[in-house]
Structure formats: structure tokens, C-alpha cells
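To keep things clear, I will list the structure first and then write my remarks on it.
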Amino acid sequence: MHICRTKAAIRATVRDWRITGAPVVLVPTMGFLHDGHLSLMRIARERAGKDGRVVATIFVNPTQFGPGEDLDSYPRDEARDFDLLRGTGVDAVFAPDAHEIYDPQAQTIVETTELARMLIGKLRPGHFRGVATIVTKLFNIIRPDAAVFGEKDFQQLAVIRTMVRDLDMDIDIIGAPILREHDGLAMSSRNVRLGAEDRTAAPILARALNEAETMAPTGITASRLRSHVRATLEREPRAQVQSVDIRDAASLDSISGPLTRPAVILLAVKFGTVFLIDNRVVHPTKETT
Ligand code: PAF
């Protein structure tokens with residue numbers, strides 16, 4: 001596995017592969033990898049096929065953290081990440097530092113205007129501008145044929161798909177299902193920062209989503225379902241509920257009446273200083289598969 005610290009090094013590595021016509025699949029991460037990330041690597045490996053190449057990136061992107069957020073305390077363990085990546089068939093990892101990525105004179109940003117300002121974008125102003133800008137830069141540096149992103153960051157995935165469509169980026173975006181711990185907590189690098197009591201309390205998100213999934217086909221309105229989910233979360237005293245939203249799963253438009261199409265329930269909850277998100281797509285009729 002090649003470890004590249006500079007744009008020039010990763011560009012040269014990918015350029016050599018391209019000569020053979022091999023597809024390149026990218027998995028951008030902020031490191032501190034867990035099984036959820038490793039499942040993204042496996043999806044990338046499969047998409048790349050036997051002749052293709054997989055590139056992972058590890059970069060804790062400062063521009064997607066707001067003032068007072070957890071940029072400094074975001075967990076990092078690069079040596080462990082490299083070991084884990086070696087076991088998943090990743091061909092190269094790009095792990096630059098912030099100076100390599102951001103020119104102090106830079107003036108250009110990428111922003112999906114409406115999508116970036118709703119939902120998590122309201123709680124974390126500027127967050128999706130940081131995400132769209134770094135992902136564009138990684139796409140331009142590595143020029144992948146496809147890129148894999150986790151569905152846990154549902155709005156992030158929507159932002160990236162919208163950006164790729166709007167800016168005519170010729171990259172296939174692949175969404176990967178959420179992986180969960182044995183008690184339902186969605187895997188996240190931030191989970192290690194939960195204290196013992198918060199860790200015990202945090203699976204309330206998954207339980208609230210499970211209940212909502214069961215209730216969705218009963219003819220309940222989106223507003224009532226939302227109130228029910230919020231009440232379930234609020235019964236857990238350690239949960240500081242930041243937002244509960246139910247949106248059209250395809251467009252992220254607001255809905256309040258009866259569910260007629262698949263809807264996504266989006267949760268943002270803080271435990272102490274740790275900000276967790278989770279989501280579930282629910283259906284107005286029982287799935288028969
Ligand atoms: O999902 C993440 O880990 C980050 O937001 C991403 C896509 C790597 C951009 O920094």
C-alpha cells in the first residue's frame with residue numbers, strides 16, 4: 001500500500017495506474033477508522049474489480065468544523081488506520097496535512113446553496129461548504145471514477161450527489177449502508193469520546209428509529225411521527241436533542257402530512273460534548289422484501 005503525503009505523490013501514483021486503464025475508486029475519510037469505514041473500503045474494492053485500484057484518504061478537514069466544535073479533540077490514530085487499511089486491499093492512502101491541502105491565499109469555495117443551509121447545516125453553519133470544498137479538491141487531486149460515502153451522513157451524501165450533478169463531475173457516487181454496534185448505535189469515530197454513561201444511553205437513537213420504522217406504515221402523519229420520535233429521545237435524560245426531522249427521502253423537502261413516499265428521519269443528538277447523528281428511511285407501506 002502506497003502512503004502518499006503530498007498531492008504530487010498521489011497524483012503520480014494514480015497517473016501510473018491510469019495508463020493501464022484501471023478504474024480508480026476513492027473512499028474519503030477523516031481517519032480513526034472503524035468497521036463502518038472498512039465496509040466502505042470493501043464496497044470500493046468490489047466496485048474497482050480485479051484490475052481497479054482503491055484510494056483511501058485520511059484528512060481531518062479543518063474547514064468543515066466551526067468555532068468551538070471538536071476539531072482539536074477529533075480522534076486520530078494514523079498508524080492504526082494504516083494497519084487496518086492494509087487488511088482491506090486498499091492500494092494507496094493519501095494522508096496530507098492541512099498545509100498541503102489549503103493554500104493560505106485560497107479564495108474559492110464550493111457550496112450547494114440550499115441543501116447546505118438546512119437541517120445539520122443550520123446547526124453547523126459552514127459545515128457543508130467545508131465538506132463540498134474538500135471533496136471537490138480530493139476529486140480534482142485523485143480524479144476517481146467512483147467514490148464511496150456512508151449513508152449515516154445522509155445530508156452529506158445528498159450534498160455530494162447534488163454537487164456532482166450541478167458541476168458535471170464525471171464520478172459515480174456510491175452510498176454505503178450504516179453499520180451498527182451490537183446495541184444498535186451507528187458506528188462513528190466520535191463514539192470513542194462518549195463517557196460510559198453516555199455510551200449506555202446513546203443507543204436511544206437507534207431505538208427511536210426502530211419504533212418510527214414500525215409506526216410509519218400505520219397511516220401516521222409525519223408531524224405526529226416526528227413528535228413521537230422526539231418524545232422517545234427526550235425520555236433519555238442524557239440526550240440533548242438538537243434536531244429531529246422527517247423529510248422526503250429523495251428531495252429532502254419538508255413533509256408534515258401522511259407519508260405517501262419513502263421518508264427519511266434525521267436525528268442529531270448531543271451526549272455531553274459529543275455530537276451524534278443517525279437516520280432511517282421509512283416507508284408508508286410495509287416492505288415485502
Ligand atoms: O464523512 C467524512 O468523514 C468527511 O465529511 C469527508 C467526506 C471525508 C470530508 O472531509
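The values are calculated or read from the model by the stated rules, or taken from the named source; none is laboratory data. Predicted model, so just to flag it, every value in this text is computed and none were measured. Cβ atoms come from the backbone with ideal geometry, glycine included; neighbour counts cover every protein chain shown.
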Selection status of residue 149, under 13 Å from residue 169 (Cα atoms), within 15 Å of the ligand (Cβ to nearest atom) and buried (at least 19 other Cβ atoms within 10 Å of the Cβ): no
Spans of helices (runs of 4 or more DSSP H) in region 4-112 with at least 3 residues in contact with a strand residue (DSSP E or B) (Cβ under 6 Å, 6 or more places away or on another chain): 7-19, 35-48
Cβ-Cβ under 8 Å pairs, at least 6 apart or on other chains, region 6-32 side over 17 Å from residue 146 (Cα atoms) and modelled with pLDDT of 95 or more, far side of a type in the set (Asp, Glu) and within 16 Å of the ligand (Cβ to nearest atom): 6/100; 7/100; 31/77; 31/78; 31/81; 32/77; 32/81
Only one of 85, 119 that is touching a residue at least 12 places away in the same chain (Cβ under 8 Å), away from the ligand (no atom under 14 Å from the Cβ), at positive phi and crowded, with 18+ Cβ neighbours inside 10 Å: 119
Region 122-146 - residue that is of a type in the set (A, V, I, L, M, F, W, C) and over 22 Å from residue 11 (Cα atoms) and, of those, farthest from the ligand (Cβ to nearest atom): 123
Number of positions in region 75-107 that are in contact with a Gly (Cβ under 7 Å, 6 or more places away or on another chain) and acidic (Asp, Glu): 2
